[in-house]
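To start, the structure under review is shown below, and the notes come after it.
The values are calculated or read from the model by the stated rules, or taken from the named source; none is laboratory data. Note that the coordinates shown come from a computational prediction; the quantities given were computed from them, not determined experimentally. All Cβ positions, even for glycine, are placed from backbone atoms using ideal geometry, and neighbour counts span all protein chains on display. Note: areas computed on protein heavy atoms with side chains; ligands, DNA, RNA excluded. Shrake-Rupley method; radii C 1.70, N 1.55, O 1.52, S 1.80 Å.
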Amino acid sequence: MSMVPQGKSLPQPRVQQNNVPLGILLMIGATIVFALQDGISRHLAGTYNTYMVVMVRYWFFAAFVVFLAARAPGGIKEAARTDQLWLQIFRGVLLVAEICVAVYGFTVLGLIESQAVFICYPLLVAALSGPVLGESVGWRRWVAIGVGLIGVLVILQPGMGVFNPAAVIPFISALMFAVYGLVTRYAARRDSTATSFFWTGVAGMVFMTAIGIWFWEPMSQGDWFWMALLCVSGVTGHWLLIKCYEMAEASAVQPFAYFHLIWAAMLGMAVFGEVIRTNVAIGAGIIIAAGLFTLWRERVKG
């Protein structure tokens, strides 16, 4: 799965301008790239160990992060400076663990059903923002959260025959991603965007290498091409997302992050022969409607 599929994975850079049309185009471009990344991840993790795939991907991602830090004012030393080191390390480890869970979910459930459940994560962020960050959550947002979770149940169908435990994998991934987003908000109270981004890549790379190196498998020459494309797509997606938030306010472009599900569904059907079950389409529609309402409420409150 993508590291920043809906724009919550990265701390958002300070907005220098507000070119909403360009920001929307950049967001849509990012969702296309991340959907392609999800498809490549599914292909590779279906053939090789998930830990190894994510580890190699993180090597490239960490190199990208260090490159950006080296070019920034103050260099790597400034980017790495923080007085909440363990919190930053926890963020990086949590994100890479979430990616492992999500990619494994792709191989078990496919892109369509995994993404259809995962898109509930903004609702989980809203639900947890009160106990974690002390933010106020009004009754309208609680209703939207409840409606969105009904959409998840429509997709999972826990009462229809024998329930498949694997169906909860993308929900666990969404929960982990929501916690990561909240911890990122908390860390941003004292650390800069550059610092949080730096530790996201470096801490994740160190943790994933310590695990993934034990699961190394020889790869075919053709799959090394896909691995290289996976790494490049990750960097490209992050660059597009960073530029998106530089160009426009997050509240204006965030609804367009749901295009990720559309591209993933198209890819799943065209390449992997997946089908969209009726309950999945209905449930995803309910979740998206609830998520858009939640984003609108956040914008109104803001």
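Hey, any idea what % of the range 227-302's accessible area is carbon plus sulfur with a 1.4 Å probe?
Values: 2440 of 3370 Å².
With neighbouring chains kept in place, the figure for the range 227-302 is 72 percent.
One-quarter of the Cα convex hull surface for the range 154-255, in nm²? Could the numbers behind the result be given before it?
Values: hull surface 42.3 nm².
Computed as one quarter of the Cα hull surface, the answer is 10.6 nm².
Accessible surface area normalised per residue over the chain is 44 Å², counting heavy atoms of protein chains with a 1.4 Å rolling probe. Name the residue farthest towards the positive end of the dipole of the chain from the options GLY268, VAL20, LEU230, assuming +1 on Cβ of Lys and Arg, -1 on Cβ of Asp and Glu, about the Cα centre. The Cα lying farthest towards the positive end belongs to VAL20. Look at the dipole of the chain built from charges on Cβ: of VAL154, LEU240, ALA62, the Cα furthest out on the positive end belongs to LEU240. Residues LYS77, LYS243, ordered by accessible area of protein heavy atoms at a 1.4 angstrom probe radius and largest first, appear as LYS77, LYS243.
In square nanometres and to one decimal, what's the mean projected area of the convex hull around the Cα atoms of the range 221-287? The partial results should precede the final answer.
Values: hull surface 24.2 nm².
Over all viewing directions, the range 221-287 projects a mean Cα-hull area of 6.0 nm².
At a 1.4 Å probe, what is the % contribution of carbon and sulfur to the accessible area of the range 66-144? Could you put the intermediate results ahead of the total?
Numbers: 2260 of 3420 Å².
Reported share for carbon and sulfur atoms: 66 percent.
Given the -39500 (n - 2.57) contribution per DSSP H run of 4+ residues, what per-residue ellipticity at 222 nm results for the chain, rounded to the nearest 500 deg cm²/dmol? Could you put the intermediate results ahead of the total?
Values: 13 runs with 226 residues, N = 302.
The helix-only estimate for the chain comes to -25000 deg cm²/dmol at 222 nm.
Both radii are taken from the alpha-carbon atoms of the chain; with Rh as the Kirkwood radius, Rg/Rh is 0.95. Projected label points at VAL137 and TRP239, each 7 Å from Cα along the beta carbon direction, are separated by 3.8 nanometres.
Relative contact order for the chain: what percent, with Cα pairs under 8 Å and sequence separation of 6 or more? Don't skip to the end; give the middle numbers.
Numbers: 453 pairs, mean separation 130.8, N = 302.
The normalised contact order for the chain reaches 43 percent.
Largest first, the extents of the alpha carbon coordinates of the range 115-209 on the three principal axes equal 48, 39, 17 Å.
Relative to one another, the C-alpha centroids of the range 105-140 and the range 264-302 are positioned 12 Å apart. Note: the range 63-173, Cα convex hull, 153 Å³ per residue. Long hydrophobic helices in the chain, taken as whole DSSP H segments with a C-alpha length of 20 Å or more on their own axis and mean Kyte-Doolittle hydropathy at least -1.0: 20-45, 50-71, 85-109, 139-156, 169-187, 193-212, 221-247, 278-301. Mind giving me the FRET efficiency for MET269 and ILE172? R0 is 30 Å, r the Cβ-Cβ distance, nearest 0.05 is fine. Given R0 = 30 Å and the Cβ-Cβ separation, E is 0.75. Rounded to the nearest 20, the size of the Cβ-charge dipole of the chain about its Cα centre is 700 debye, with Lys and Arg at +1 and Asp and Glu at -1.
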